[in-house]
Amino acid sequence: MTPHQSSSQPVHIVGAGLAGSEAAWQVANAGVRAVLHEMRPQRMTEAHRTDGCAELVCSNSFRSDDAANNAVGLLHAEMRRLGSLIMRSADANQVPAGGALAVDRDGFSAAVTKALNEHPLIEISREEVAGLPPADWSNVIVATGPLTSAPLADAIRQLTDESALAFFDAIAPIVHKDSIDMSVAWFQSRYDKVGPGGTGADYINCPMTKEQYDGFVAALLDGEKVDFKDWETNTPYFDGCLPVEVMAERGHETLRHGPMKPVGLTNPHNPTVKPYAIVQLRQDNKLGTLYNIVGFQTKLKHGAQQRVFRTIPGLENAEFARLGGLHRNTFLNSPKLLDGQLRLRAQPRLRFAGQMTGCEGYVESASVGLIAGLCAAADMRGASLATPPATTALGALLGHITGGHIETIEPGSRSFQPMNVNFGLFPPLASPPTKKPDGSRLRGNEKTVAKKQAISARALLDLDHWIAEHLRVAAAA
Ligand SMILES: Cc1cc2nc3c(=O)[nH]c(=O)nc-3n(C[C@H](O)[C@H](O)[C@H](O)COP(=O)(O)OP(=O)(O)OC[C@H]3O[C@@H](n4cnc5c(N)ncnc54)[C@H](O)[C@@H]3O)c2cc1C
């Protein structure tokens, strides 16, 4: 590709996480120079362990890879069509995970880092941007994520005149596989789903009787929690990443209808007795030596975690490679503060990407990085990129962030909360399907499935048109 402006001002990208790495890749592939500023390893966050780009700090899953029936699977497909580095590296480092796309976290991060290091238009600068980016950086993407360092977060808060940017979230523990008792637990994916790189038997399942479940829920409720400091006590959680003990507080059966649901699985050690609840563990590294407990993010103290989680049948002697913990999150009130191109209204040279914009999750963060990168590169060419239509997963997510949300509580507080991509963010179909291909009427759940599939098909078609109309023209300019 011919470098545009390769000798003039670069796009500065702050943060080499999921969003910043993808943004730098898109900027450089559009022929524009990118400088990627990353504070690790000089300054680490509370959750990152390495100096690698796009380090996954908790789960190793990119969630469903089903582009026809699942909104995040659709987002995967759209990102692949746009040459996403994050998706390319994830595909190359898959580990088995049923219907989900999960990755070997070290292999994935190494692949992203290598590609960025080797790109002739990308420079990686290892430094903290400890305040507002310098005034002479005319085109900046801030992608510093949920654990944005304090000096930068403070500067942004002052600039945006917001009272708060942070709240709390929790991570799940990881167990050494050889410490799991496989005479109690068994391998199986829910409904034996095979999925990308999977076998249909990718999860380790631990069964519970009603008595064991009752005891477990009681132990979760009694377990000692990490204290909040005074100023943190009113900090809310993401609904999508609630600590397991907070789910338990919401109702005795909540976990059995959530991460511990006993459906689609049969215990081969005791096939005639249906477990009352099931704890699942998912492979966490390529070697298959580590497994994370699915949905068990927690703020229990470390001692309580070991005691309570070892009451799970099969985990009595579990050795933990990492225990769960609490972390801070940082995100903007984007519908109010950002324009449709993710630029800060108060200072449009600053564009935001990733979780700071109020999207949630690895894939969503990377996808917003992708769009931010394309927009920033277009700006460098003196053009303005029309963002993908709202009928695409990328456009639907962007719409939620920059305008789709309606403020529902009094001014001064905020109702905008981080959100995963979902079909509820897409505009309705003009004429939802009512019949099957054979002409018979769709019934019950079939209608929902057909509707999702129609939304997905429309999205991919519209994305292809958008690419043809806007990106090919931009590339040729
Ligand atoms: C503990 C924890 C658990 C999570 N669990 C999950 C999960 O299981 N699944 C999921 O999908 N999502 C999870 N998330 C959310 C996930 O982290 C984000 O969705 C995703 O990583 C966000 O991508 P990002 O690029 O916005 O931020 P990140 O990937 O965090 O990248 C931000 C980068 O900016 C750097 N940085 C910060 N401040 C500065 C500065 N001032 N100067 C220079 N560099 C800076 C950081 O070191 C980091 O490398 C979790 C988040 C946390 C914190």
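The values are calculated or read from the model by the stated rules, or taken from the named source; none is laboratory data. Quick caveat, the model's predicted, so the values are computed rather than measured. Neighbour counts run over all protein chains shown; Cβ positions are idealised from the backbone, glycine included.
Points worth noting:
- Residue check for Pro146: under 24 Å from the mean Cα position of the chain (by Cα) and at pLDDT below 95: yes
- The residue that is surrounded by the most Cβ atoms within 10 Å (Cβ to Cβ), counting only those in region 170-204 that are part of a helix (DSSP H, G or I) and of a type in the set (Ser, Thr, Tyr), is Ser179.
Results for (1) near the ligand (Cβ under 10 Å from one of its atoms); (2) buried (at least 22 other Cβ atoms within 10 Å of the Cβ); (3) over 18 Å from the mean Cα position of the chain (by Cα), shown as yes or no for each residue.
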| residue | (1), (2), (3) |
| --- | --- |
| Thr330 | yes, no, no |
| Gln341 | no, no, yes |
| Glu364 | yes, yes, no |
| Gly382 | no, no, yes |
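- Residue within region 435-448 that is surrounded by fewer than 15 Cβ atoms within 10 Å (Cβ to Cβ), in contact (Cβ under 8 Å) with a residue 12 or more places away in the chain and not charged (D, E, K, R) present: no
- Exclusive hit being part of a helix (DSSP H, G or I), in contact with a strand residue (DSSP E or B) (Cβ under 8 Å, 6 or more places away or on another chain), more than 10 Å from the ligand (Cβ to nearest atom) and touching a residue at least 60 places away in the same chain (Cβ under 8 Å), set Leu74, Leu116, Leu152: Leu116
- Criterion (modelled with pLDDT of 95 or more and under 22 Å from Ala372 (Cα atoms)) met by exactly one of Ser8, Ser109: Ser109
- In region 355-396, the residues that are among the small types (Gly, Ala, Ser) and outside any loop (DSSP other than H, G, I, E, B): Ser365, Ala366, Ser367, Gly369, Ala372, Gly373, Ala376, Ala377, Ala378, Ala393, Gly395, Ala396
- Taking (1) surrounded by 15 or more Cβ atoms within 10 Å (Cβ to Cβ); (2) not assigned by TED's automatic domain parsing to the domain that holds Leu370 in turn, Thr289 satisfies each apart from (1).
- Looking across region 78-105, the residues that are in a helix (DSSP H, G or I) and either within 14 Å of the ligand (Cβ to nearest atom) or buried (at least 21 other Cβ atoms within 10 Å of the Cβ) (or both) come down to Glu78, Met79, Leu85, Ile86, Met87, Ser89, Ala90, Arg105.
- Residues that are more than 11 Å from the ligand (Cβ to nearest atom) and buried (at least 18 other Cβ atoms within 10 Å of the Cβ) were ranked within region 8-23; the one that is nearest to Ile86 (Cα to Cα) is Val11.
- Look at region 330-350: where a residue is in the same structural domain as Ile141 (by TED's automatic domain parsing) and at negative phi and a partner is in a strand (DSSP E or B) and β-branched (Val, Ile, Thr), sitting 6+ places away or on another chain with Cβ atoms under 9 Å, you get Leu344/Val142; Arg349/Val140; Leu350/Val140; Leu350/Ile141; Leu350/Val142.
- Residue within region 121-134 that is over 17 Å from Glu22 (Cβ atoms), more than 11 Å from the ligand (Cβ to nearest atom) and surrounded by fewer than 21 Cβ atoms within 10 Å (Cβ to Cβ) present: yes
- The set of residues from region 31-43 being more than 7 Å from the ligand (Cβ to nearest atom) and not β-branched (Val, Ile, Thr) comprises Gly31, Arg33, Ala34, Leu36, Pro41, Gln42, Arg43.
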